[in-house]
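Here is the structure we will look at, set down as structure tokens.
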Amino acid sequence: MRLPREIAKELGARRDGQDIRITVWAPLQKEMKVEVDGNLYAMERGEYGTFHVDVPGDSKQYLYVLQDGSKVPDPLSRYQPEGVFGPTAMYFPGPEKRVRNPERHLEDAIIYEMHVGTFTPEGTFRAAAEKVDDLLDLGVNTIEVMPVAEAMGSFNWGYDGVFPFAPNHNYGTPRDLMDFVEHCHRLALSVILDVVYNHLGPVGNHFYPLCNIFSERYSTPWGRCINYDGPGSDFVREIFAQNVEYWLKTFRFDGLRFDAVHAIFDSSPKHILTEMTERANRVAQEEGRVVVLIAESDLNDPRVVSPGPYGYGFDGQWSDDFHHALHAVMTGENNGYYSDFGRIEDLVDAYNHSFVYNGRYSAYRQKTHGADASRLARWRFVVYMQNHDQVGNRFRGERMSTLVDFETYKIGAVATIMSPFTPMIFMGEEYMEENPFLFFSDPPDGEMKKAIREGRKREFMAFGGTGDLYDPTDVSAFQRSKLDWRSLTKAANSSCRRLYSDLISMRRTMVIGSEFIGARKFGQRGVVFAYRHDGYTLNVALSFPGNGRMLLPLSRVLLDTGWKKYGGERENTRAVEDSSAVIYMTEGHTLTSPVSPQRNRPAAGSGPGRQGQGSTGGNRSQNR
């Protein structure tokens, strides 16, 4: 008798000689039939509640027929050309010779987060492929694509997917997605896919009548948890472990970003996350390539990025602490979880310790939160000034470009891209996109639309939102969230993009591979951090509004956000002005802070070697 894990590997439609064998796990059904191209076939009962049947090899599509006569598509479908309620298409991607994946580890990545539907006016894989050349010119080397699994309606963030193996038909075919990844690889761009393994969406979820895929013990804010440790969980674990392999092998993604791993519950001796990272690493070993695994976690738990068997084995994780510390200093907001942040010292702690809450008491959570992560390499933490959550979960989906002035915005860019962490840019951020990124979802019926509207309003109100809420179920929310690439014709937007491009270039040549010295406060609202670089110290000074004018030590200035080329007014730099960021080189290997003019220290420029606008230094060294 075979074990459930073995049988689970055969689920779905698979070629079997001249025929196609269709196998379904349906222990909740006493009998099963399948309608293939209009022809009805009785399915034979197998082990552990499975059913199977062989059908002609030229079959095109099918639907399962349940014991009550209702019809549902295969929840393990590879392609749903008519959406979540349409028939499942027979789709068998074969092995192909493709461009080799870029050999890029997380510590070398500069990530760009993208939602396919709003990245271009067309909102398709093909249109995105045509646009990524612009990202290559910007200097990013890794694209992180928000979830693409088939979900309800014609527009969606992607986190309500119900067909884990099927790319969303609104964006194109599975072949279009393969071509998108292939095109990126031809440009030496890595592609990471955002995947959701904590829940499934509420509409079009056809596991329900077939099997107990959901847990009776746990729940998430978004729906029922997936059953990784209860009865029947062997099938479930294998299905989703296979899903990890499917995206990596079939579509050749360079890595995966796991959504909200803190909402994945498993009391098994080997946690499902450890099993998934092991399966991904096995793909990397078998194919001789790099696979990057990133987790989103709200736990501030170093075990997430610690190796197994006692850790989960991820390469990196998102760092909301860095975002919250930076956001609160930039905007002054103190509602919701921002109430735990706002001091300049919090940002210093983020640079020095990775987690701000590393065992500290959190007033917002009303408990001690986090653990020490100081022994972990800083590149394991992915940081951002903005991401889809932090923008889209705001009351009006406001981007940072509409919350702060231009000079403060540029400080945020320097703070993130020049950080010792792995930086991520949210699409449009590089040119100061002003269109909102709203939450949007397209449920099929009025009751669910009402529930989504009311649910979102409750969340926004709890976070300090006031006034009338837009309708997240109306197509206008989706349309308003599309990027407006025409903004690049404006002077401020183009100068912002120039700053991002120069920062990325500087990061690749001067930060990656250099030793981080540390960070400290200067003035009342300033942070300076530094790296040892080829016999010199690379210093990054962030002077937030209200910090005043601070003199530079004897140094060579590489970049000042106040230069005219970046939309400022200065030709030369003699001080770190209020509301600016300056990058400068000093001799020796110690962090050197700007100082108050009252201390009568010499300004930059009183000695040889100071650079003005238009130069990023004459001795750019290679990475170490």
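The values are calculated or read from the model by the stated rules, or taken from the named source; none is laboratory data. What you are looking at is a predicted structure, and each value in this text was computed from that prediction instead of being measured. Virtual Cβ from ideal backbone geometry, glycine too; neighbours counted across all protein chains shown. Calculation scope for accessible area: heavy atoms of the full protein, side chains included, ligands and nucleic acids excluded. Shrake-Rupley method; radii C 1.70, N 1.55, O 1.52, S 1.80 Å.
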Of everything in the range 307-320 that's open to solvent by less than 10 Å² (accessible area, probe 1.4 Å) and touching a helix residue (DSSP H, G or I) at 6+ places or on another chain (Cβ under 6 Å), which residue is nearest to Arg343 (Cα to Cα)? Gln317
Of those in the range 138-182 that are under 13 Å from the mean Cα position of the chain (by Cα) and either open to solvent by less than 10 Å² (accessible area, probe 1.4 Å) or among the polar types (S, T, N, Q) (or both), the residue nearest to Ile452 (Cα to Cα) is Gly158
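Yes or no, residue by residue, for (1) over 30 Å from Ala519 (Cβ atoms); (2) not aromatic (Phe, Trp, Tyr):
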position: Glu433; (1), (2): no, yes
position: Pro436; (1), (2): yes, yes
position: Ser441; (1), (2): yes, yes
position: Gly446; (1), (2): yes, yes
position: Glu459; (1), (2): yes, yes
position: Thr466; (1), (2): yes, yes
position: Phe478; (1), (2): yes, no
position: Leu483; (1), (2): yes, yes
position: Lys490; (1), (2): yes, yes
Does Ser419 fit the bill of being touching a helix residue (DSSP H, G or I) at 6+ places or on another chain (Cβ under 6 Å), of a type in the set (S, T, N, Q) and touching a residue at least 12 places away in the same chain (Cβ under 8 Å)? no
Is at least one residue of the range 305-318 more than 26 Å from Pro423 (Cα to Cα), touching an Asp or Glu at 6+ places or on another chain (Cβ under 9 Å), hydrophobic (A, V, I, L, M, F, W, C) and in contact (Cβ under 8 Å) with a residue 12 or more places away in the chain? no
Note down all Cβ pairs under 6 Å where the first residue falls in the range 496-513 and is on the phi > 0 side of the Ramachandran plot, the second is open to solvent by 10 Å² or more (accessible area, probe 1.4 Å), and they're at least six residues apart or on different chains. Gly513/Asn623; Gly513/Arg624
If the Cβ limit is 8 Å and pairs must be 6+ apart or interchain, which residue in the range 556-585 that is assigned to a loop (DSSP other than H, G, I, E, B) pairs with which residue that is among the acidic types (Asp, Glu) and open to solvent by 20 Å² or more (accessible area, probe 1.4 Å)? Thr561/Glu407; Gly562/Glu407; Gly562/Glu569; Gly562/Glu577; Gly568/Glu407; Ser579/Asp405; Ser579/Glu407
Quick count over the range 51-103, residues being open to solvent by less than 30 Å² (accessible area, probe 1.4 Å), in a loop (DSSP other than H, G, I, E, B), polar (S, T, N, Q) and in contact (Cβ under 8 Å) with a residue 60 or more places away in the chain, is 3
Pairs please, first residue from the range 252-281 and open to solvent by less than 10 Å² (accessible area, probe 1.4 Å) and modelled with pLDDT of 95 or more, second anywhere and among the small types (Gly, Ala, Ser) and assigned to a helix (DSSP H, G or I), Cβ atoms under 6 Å, 6+ apart in sequence or on different chains. Met276/Ala241
So which strands (runs of 3 or more DSSP E) stay within the range 359-460 end to end and still have 1 or more residues that are hydrophobic (A, V, I, L, M, F, W, C) and open to solvent by less than 10 Å² (accessible area, probe 1.4 Å)? 381-383, 422-426
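Yes or no, residue by residue, for (1) within 30 Å of Ser501 (Cβ to Cβ); (2) in contact with a strand residue (DSSP E or B) (Cβ under 7 Å, 6 or more places away or on another chain); (3) at pLDDT below 95; (4) not small (Gly, Ala, Ser):
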residue	(1), (2), (3), (4)
Glu31	no, no, no, yes
Gly57	no, yes, no, no
Val65	no, yes, no, yes
Gln80	no, yes, no, yes
Pro93	no, no, yes, yes
Ile110	yes, yes, no, yes
Mind telling me which of the residues Val304, Val348, Val356 ends up being open to solvent by less than 10 Å² (accessible area, probe 1.4 Å) and within 30 Å of Gly523 (Cα to Cα)? Val356
With part of a strand (DSSP E or B), surrounded by fewer than 17 Cβ atoms within 10 Å (Cβ to Cβ) and out of contact with any Ser or Thr (no Cβ under 6 Å at 6 or more places or on another chain) as the only criterion, which of Arg520, Arg508 stands out? Arg520
How many of the residues making up the range 201-236 are modelled with pLDDT under 95 and aliphatic (A, V, I, L, M)? 2
Matching entry among Leu499, Leu488 (being of a type in the set (A, V, I, L, M), more than 17 Å from Phe421 (Cβ to Cβ), open to solvent by 20 Å² or more (accessible area, probe 1.4 Å) and in a helix (DSSP H, G or I)): Leu488
Name the residue that is most open to solvent (accessible area, probe 1.4 Å), counting only residues in the range 532-543 that are more than 27 Å from the chain's Cα centre (by Cα) and touching a residue at least 60 places away in the same chain (Cβ under 8 Å). Asp534
Hey, any hits in the range 571-588 for a residue that's among the hydrophobic types (A, V, I, L, M, F, W, C), at pLDDT below 95 and open to solvent by 20 Å² or more (accessible area, probe 1.4 Å)? no
Looking at the range 175-218, which of the residues that are of a type in the set (Val, Ile, Thr) and in a loop (DSSP other than H, G, I, E, B) is nearest to Gly255 (Cα to Cα)? Val196
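The rows are residues; the columns are (1) among the aromatic types (Phe, Trp, Tyr); (2) open to solvent by 10 Å² or more (accessible area, probe 1.4 Å); (3) touching an Asp or Glu at 6+ places or on another chain (Cβ under 7 Å); (4) touching a residue at least 40 places away in the same chain (Cβ under 8 Å).
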| site | (1), (2), (3), (4) |
| --- | --- |
| Cys184 | no, no, no, yes |
| Ser190 | no, no, yes, yes |
| Leu193 | no, no, no, yes |
| Val196 | no, yes, yes, yes |
| His199 | no, no, no, yes |
| Phe207 | yes, no, no, yes |
| Asn212 | no, yes, no, yes |
| Arg217 | no, yes, no, yes |
| Pro221 | no, yes, no, yes |
